[in-house]
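The values are calculated or read from the model by the stated rules, or taken from the named source; none is laboratory data. Computed from a prediction, not measured in an experiment: that's the story for all the values here. Note: ideal-geometry Cβ built from the backbone for every residue, glycine included; neighbour counts use all protein chains shown. The area values use the complete protein model at the heavy-atom level, side chains included, leaving out ligands, DNA and RNA. Shrake-Rupley method; radii C 1.70, N 1.55, O 1.52, S 1.80 Å.
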Amino acid sequence: WAQHRASMKAKFPDGWAPPHKLSRAAMDGLRALHAHDPDTFTTPVLSEKFRVSPEAVRRILRSKWQPTKEQ
């Protein structure tokens with residue numbers, strides 16, 4: 001864990017601030033494509049299709065957060 005944190009700090013010294021942000025619907029679509037066929041819709045392919053970095057795609061696919069009804 002500490003090693004991963006150090007490597008992320010080295011990659012993103014100012015913190016994670018992606019230049020292009022996706023809507024909730026786009027994130028859901030990205031997840032659906034990957035779930036449907038992970039061999040075709042790999043991280044680099046999704047990165048090109050949605051015009052975000054591979055790191056952003058990786059973070060979206062790993063995230064399990066869902067908004068509550070209040071949000």
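Which percent of the accessible area of the chain is formed by carbon and sulfur heavy atoms (probe 1.4 angstrom)? Before the final figure, lay out each step's value.
On the way: 3230 of 5720 Å².
Whole-percent figure for carbon plus sulfur exposure: 56.
Label sites at residue 58 and residue 28, each approximated as a point 7 angstrom past Cα along Cα to Cβ, lie 2.7 nm apart. A simple rule links phi to the HN-Hα coupling: the Karplus curve 6.51 cos²θ - 1.76 cosθ + 1.60 with θ = phi - 60°, which for the stretch 38-55 gives x, 6, 7, 9, 7, 4, x, 5, 5, 4, 5, 5, 9, 6, 10, 6, x, 5 Hz, with x for Gly and Pro. The 3J(HN,Hα) values that the Karplus relation (6.51, -1.76, 1.60; θ = phi - 60°) gives for the stretch 2-7 are, in residue order, 5, 5, 4, 4, 5, 5 Hz. Gly and Pro appear as x. For a straight C-alpha distance cut-off of 12 angstrom, the aspartates and glutamates reachable from residue 64 (same-chain residues fewer than eight places away being disregarded) are 28.
Which of the peptides 8-15, 32-39 is most tightly packed, and how do the rest follow, judged by the mean count of other Cβ atoms within 10 Å per residue? Show your work: numbers first, answer last.
Working: 8-15: 8.9, 32-39: 11.1.
Listed from highest to lowest mean packing, they are 32-39, 8-15.
Taking only protein heavy atoms and a 1.4 Å probe, what accessible area per residue, in Å², does the chain have with all protein chains in place?
81
Remark on the chain: hydrodynamic radius 13.5 angstrom, per the Kirkwood mean of 1/r across alpha carbon pairs. Here's the list of lysines a cross-link from residue 21 could span, going by alpha-carbon distance under 17 Å and ignoring same-chain residues fewer than 8 apart: 49.
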